[in-house]
């Protein structure tokens with residue numbers, strides 16, 4: 001007799017019930033909502049939620065539900081009209097230190113939320129939103145690295161009293177012109193000791209030794225990859241501040257980054273937020289009489305560089321910076337004595353350098369140098385070339401009136417400048433990026449995609465159900481029940497993993513329906529063959545499930561290998577398809593053998609049969 005032990009039957013029932021529970025949140029519709037976040041803060045300020053509720057009630061816009069979620073306030077509204085009105089009110093009332101972003105949240109019952117259950121997040125093609133393809137200019141990262149090494153080399157030569165005529169950057173290398181041949185050997189020794197990442201060679205030019213310092217291929221590859229990784233991390237932080245849920249930020253190819261922002265409609269604002277790349281450096285101002293003469297004559301002395309302020313006034317700064325954008329941990333726009341300012345927090349290394357500098361230069365002026373890289377595509381000789389322009393200007397000069405280290409303010413800015421600078425300093429890009437492709441998908445198109453996808457799944461499922469019931473009779477109905485459980489398991493797993501559902505993901509689900517039923521077809525054809533060979537009905541059932549198992553595993557494992565490769569090598573929509581396909585293969589293996597056989601054993605395992613309805 002074909003019978004499962006009690007524990008196997010109990011396991012099948014338990015897994016099915018748990019899958020239904022996990023998939024249940026996907027049955028509830030979404031409601032319009034707003035996410036309110038304090039920019040630069042990781043927690044919600046105390047008392048913010050009651051203030052927001054009072055303000056909205058005063059303007060007859062009470063939310064259906066309001067709660068504090070991790071780092072933001074969630075407000076749920078009855079319809080989109082009240083959501084839009086509340087968005088305008090809150091943006092004006094809260095000011096620029098808060099991000100107010102529209103969102104859609106599922107109206108999941110409280111008892112499901114209490115269990116931590118959530119529906120699958122929907123991707124860009126289902127929800128609507130904006131798609132960006134950004135190209136990273138890794139040459140700027142190389143230039144920044146050379147600039148940092150240049151400042152370090154200038155300080156090193158001054159410290160060891162080695163005279164040099166100048167240091168210039170050309171052809172992705174630093175050219176150090178020494179004042180005498182006797183300085184060549186000690187300079188080479190210092191460079192190889194203090195800057196081992198640089199490869200150095202030397203030559204004579206007009207009787208003076210010139211050292212060429214550059215990066216090797218391995219170091220350049222490391223800088224390029226590091227710039228892209230840093231940019232992806234910075235973009236993710238910027239996307240989080242936009243309040244976008246189910247967003248995608250990932251590297252694609254060697255120099256491109258894909259950004260998908262479901263639910264965002266303002267493409268211009270999103271592009272400005274994502275593509276801006278700027279940083280600041282803090283440098284001492286050279287206000288000596290020699291510096292004034294240098295500005296008048298145009299002959300800049302060693303160890304200094306000439307810049308201009310926002311008003312166009314020339315100023316002489318030390319060539320080496322005290323701290324830069326990489327040393328900044330956080331930056332928040334605020335007000336100091338009623339004027340806009342940016343509160344800056346440095347890391348420990350930057351804090352120590354700032355403490356040392358302010359201790360030794362009390363009463364001296366210090367400048368904030370704003371550096372921005374702008375990239376654009378130009379056609380040169382019929383080819384599209386990415387051109388990067390570097391903009392450097394002094395935005396603030398202030399006297400060091402006290403000793404400080406890792407916390408201070410940047411003042412002398414307008415409201416808009418303070419807000420923008422704070423955002424860019426919090427999320428600095430290692431290399432500038434330019435938008436090479438942009439696509440906007442409207443919410444109506446997303447809803448149409450959902451309808452079409454659901455229709456494809458339902459139609460495919462219905463056709464398979466009818467065919468199996470017609471061709472295999474009651475055994476076909478058993479396969480149909482196992483297939484239904486299989487779909488529920490896929491939805492449950494996607495919900496637990498919070499894997500974003502996309503249109504290719506729905507395609508993978510439709511494909512899984514066919515693959516899942518294929519296992520049952522193998523089993524039933526094997527049972528038919530055993531019956532034709534004269535086996536008894538119970539023996540035929542046993543042989544069908546046991547002997548078809550190897551073939552089922554082989555076919556599913558080969559498909560699983562393909563799915564894993566698609567996930568590892570693909571990106572974006574391909575990954576969404578691969579995730580659904582791999583999960584569907586695993587669940588179909590389980591349902592075709594465990595669920596299907598459990599139902600078959602329950603219906604026919606304890607009976608004496610003369611024939612099988614297959």
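Just so you know, all these numbers are worked out from the coordinates, no wet-lab data involved. Values in this document were obtained by computation on a predicted structure and should not be read as measured data. Using ideal geometry, Cβ is built from the backbone for each residue, glycine included, and neighbour counts are taken over all protein chains shown.
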Could you list 468, 219 so that the one with the fewest beta carbons within 10 Å of its beta carbon is first and the one with the most is last?
219, 468
If I fit a long axis through the Cα atoms of helix 6-23 and take the longest principal axis of the Cα atoms of the chain, what angle between them do I get, 0 to 90°, rounded to 10?
50 degrees
In degrees, nearest 10, range 0 to 90: what is the angle between the Cα axis of helix 184-194 and the longest Cα principal axis of the chain?
40 degrees
Which of 310, 580 has the fewest other C-beta atoms within 10 Å, and how do the rest follow up to the most?
310, 580
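At a 10 Å Cβ-Cβ cut-off, how would you order 71, 286, fewest neighbours first?
71, 286
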What number, rounded to the nearest 500 deg cm²/dmol, is the helix-based mean residue ellipticity at 222 nm of the chain, given -39500 (n - 2.57) per DSSP H run of at least four residues and division by all its residues?
-16500 deg cm²/dmol
Cα axis of helix 537-569 to longest principal axis of the chain: angle in degrees, 0 to 90, nearest 10?
10 degrees
For the range 210-241 versus the range 472-532, the gap between their alpha-carbon centres in whole angstrom:
46 Å
